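Notes follow once the structure below has been shown.
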Amino acid sequence: MDFDLSEEQVALQQVAREFLAERWPADRMRAALDAMPATIDDDVWKEIVSMGWLGVAAPEDVGGIEGNFVTAAVLAEEAGRGLLPGPFQSSLIAAIAVERSQDAGAREELLGPILDGRLHVTIALDEPAGEWGPDAVSLVATQRGDEFTLSGTKILVPDAASADMLLVAARTPHGPGLLRVPADAAGVSIEPMRRLDAQAISEVVFDAVSVPEAALLGGASNAESTLCQVWDVWVLLAAADLLGVAGASLETTAGYVSERIQFGRPIGTFQAVSHRLADCAVDVEIGRSLVYAAGLALDEGRDNASALASAAKAWLGDAAVAASESALQLHGGVGFTWEYDVHLYLRRARSGAATLGDADFHRDRVASYMEREGVHSAREPRS
């Protein structure tokens, strides 16, 4: 069986890597740290939109490129490698949410404008309780007649300050789901938050915000399944972003240790250095396999897709931090300095590792799946 990327995916990966290296070099991200939050220029955003990146997982009949979740993960990996800030990932996951919701009205109204960059939509999921996932959603949407009313708070909402619409995770009489809420609706207030890597995030407060019943994405019958699938895909994209960070950290460090001379030889020839890089390389490749496996499982709708997405996020949350910390240490005294890129990867890795649940949370999700399915590890005796 061939586990390689397709020719089209490899070509897309190469184009994305070259584009980001030229149009969003590390110096641009470094400068953004001095003027948080990090934002990309309008001309760069327009080029991203024109290349069809937001429709990478959407069918051609709605303006997409007939891609899939594996292809979306390939782009997310390159965004992580290139330190690209929002609103790329938030717009991509919003487009996926609308397209996969089976909500004909929402698709007709929103999908085209999202894909061509005229409408910026993001997702508000996390809450101040410090818990993650669809099961942790506690914001209640009270129904009165043909309207829902929202009161509560969401935090860590990506790119909310620049959004035109929010997809807000809430509990409705039909179960948890995503509600379409205009960002400028009466009762919505958005306050910026700070993130280590300068990505734009916000706290969003809803004070008796009313939306029509039709705002429930997917309708009563598909709202919960839409939210759960969007969560899994978002976890996958977050893991792919971390894969890009880990890979870039490894490559940057491998290049440095091959040129840095100590005791008359490159420091990369010392076992203590080469063994550490070898460990990082193994971690990166395991993470890559998990990302592609999770993407394929999501594309095929397999029962283990959620567990694989969590496995990828847990592994790469640890691996990206380890790779970027190793990069910092192996660069020696210059590793922490502003002029080098290493701290940019470390910031991104630490921020991404905590996004949408830390490694412990996702390991618990994998363990719960294994327990439900009666799966035993090789070292666990069967009862």
Handout entry: the chain: angle of helix 359-373 to the longest principal axis, Cα-based, in degrees nearest 10
Key = 70
Practice task
Would you mind computing, in nm to one decimal, how far apart the modelled labels at Val334 and Gln271 are, each placed 7 Å from Cα along Cα→Cβ?
Solution key: 2.8
Problem - Per DSSP, loop trypsin sites (Lys or Arg not before Pro) in region 297-383 with at most 13 further Cβ within 10 Å - result: Arg379, Arg382
Practice task
Would you give the gap between the C-alpha center of region 123-160 and the C-alpha center of region 309-323, rounded to a whole Å?
Solution key: 27
Problem - Spread of Cα-to-Cα distances over 10 Å intervals beginning at zero, given as percent, for region 237-383 - result: 12, 35, 29, 16, 7, 1
Exercise for the section: Over the residues of region 260-341, compute the C-alpha Rg and express it relative to 2.2 N^0.38 Å. Expected result: 1.45
Handout entry: Helix 7-23 axis, angle to the chain major axis (alpha carbon atoms, nearest 10°)
Key = 80
Problem - Length gained when the stretch Ala136-Ala367 is fully extended (0.36 nm per residue, less Cα-Cα span) - result: 81.4 nm
Fill in the blank from the handout: Computed, not fitted: 222 nm per-residue ellipticity of the chain from DSSP H runs ≥ 4 (each -39500 (n - 2.57)), nearest 500, equal to -16500 deg cm²/dmol
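Mind ranking Arg107, Arg265, Arg81, Arg194 by accessible surface for me, highest first, 1.4 Å probe?
Arg194, Arg265, Arg107, Arg81
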Problem - Solvent-accessible surface ranking, highest first, for Ile65, Ile96, Ile190 at 1.4 angstrom - result: Ile65, Ile190, Ile96
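Give me the orientation-averaged projected area of the Cα convex hull of the chain, in nm², one decimal.
In nm², the orientation-averaged hull projection of the chain is 20.8.
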Completion exercise
Ignoring chymotrypsin sites (Phe, Trp or Tyr not before Pro) buried by more than 10 other Cβ within 10 Å or outside DSSP loops, the longest site-free run in the chain is 4-262
Problem - At R0 = 41 Å, FRET efficiency that the Cβ-Cβ distance of Gln262 and Met193 yields, to 0.05 - result: 0.45
Completion exercise
Square roots of five times the C-alpha gyration tensor eigenvalues of region 70-139, ordered largest first and given in whole Å, equal 21, 20, 11
Fill in the blank from the handout: Listed by chain and number, the residues whose amide H is under 5 Å from that of Ala163, excluding neighbours fewer than 5 places away on the same chain and using placed H, are none
Practice task
Run the numbers on the chain and let me know its relative contact order in percent, using alpha-carbon pairs under 8 Å that are six or more apart.
Solution key: 16
Fill in the blank from the handout: Expected sort for 181-189, 115-123 on mean C-beta neighbours within 10 Å, highest first, is 115-123, 181-189
Handout entry: Residue-normalised accessible area of the chain, expressed per residue, 1.4 Å probe, Å²
Key = 45
Completion exercise
Yeah, region 154-309 with a ≥ b ≥ c from its alpha-carbon gyration tensor (a/c under 1.5 is rounded, else prolate when a/b outruns b/c, oblate otherwise) is oblate
Exercise for the section: State the percentage of accessible surface on the chain attributable to carbon and sulfur atoms; use a 1.4 Å probe and exclude ligands, DNA and RNA. Expected result: 51
Practice task
Kindly express, to the nearest 10 degrees and within the range 0 to 90, the angle between helix 88-100's C-alpha long axis and the longest C-alpha principal axis of the chain.
Solution key: 40
Exercise for the section: Evaluate the Debye formula for region 203-282 with equal point scatterers sitting on the alpha carbons, no solvent, and hand back log10 of I(q)/I(0) at q = 0.23, 0.24 Å⁻¹, in q order, two decimals. Expected result: -1.06, -1.09
Problem - Shape call, region 118-195: gyration tensor on alpha carbons, a/c limit 1.5 - result: oblate
Practice task
Could you grab the Rg to Rh ratio for region 294-368? Cα atoms only, Kirkwood for Rh.
Solution key: 1.14
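The values are calculated or read from the model by the stated rules, or taken from the named source; none is laboratory data. None of the values given here were measured: they were computed from a predicted structure. All Cβ positions, even for glycine, are placed from backbone atoms using ideal geometry, and neighbour counts span all protein chains on display. The accessibility values were calculated without ligands, DNA or RNA, using every heavy atom of the protein model including side chains. Shrake-Rupley method; radii C 1.70, N 1.55, O 1.52, S 1.80 Å.
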